[in-house]
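This report refers to the structure that appears directly beneath it.
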Amino acid sequence: MNTTAQLHSVFSRAFEIPVQEINDELEYQGIAEWDSMSHLVLVEEIESTYNISIEMEDILEMGSVIKIKEILKKYGFEIN
């Protein structure tokens, strides 16, 4: 099952912050923990969790939780 809670857990692991701090409004550089280096960690966590390889074009577009949900849909994962 692909849930928002699962995706939020991925963010929590990547940024080493409590899962309660993750919400759909969260954006790149919206918090100190989401910088260019941790963005790569986030990509790795997403790829590992969902067993996918994300194209560079999509990695560059991953600027918010909402956008990442849209990108995951492209890879066959409907997050709800």
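Quick one: what does P(r) look like for the chain with 5 Å bins over all Cα pairs, in whole %?
3, 16, 32, 31, 15, 3, 0
Under a Cβ-only charge scheme (Lys and Arg +1, Asp and Glu -1), can you give me the dipole magnitude of region 4-74 about the Cα centre, in debye to the nearest 20?
Charge dipole, region 4-74, about its Cα centre: 240 debye, nearest 20.
Looking at region 1-43 from every direction and averaging, what is the projected area of its Cα convex hull in nm²? Kindly include the intermediate steps, with their values, before the conclusion.
Working: hull surface 11.5 nm².
Its average projected convex-hull area is 2.9 nm².
Just so you know, all these numbers are worked out from the coordinates, no wet-lab data involved. Keep in mind it's a predicted model, so treat the numbers as computed, not measured. For neighbour counting, all protein chains shown are included, and Cβ atoms are generated from backbone atoms with ideal geometry for every residue, glycine included.
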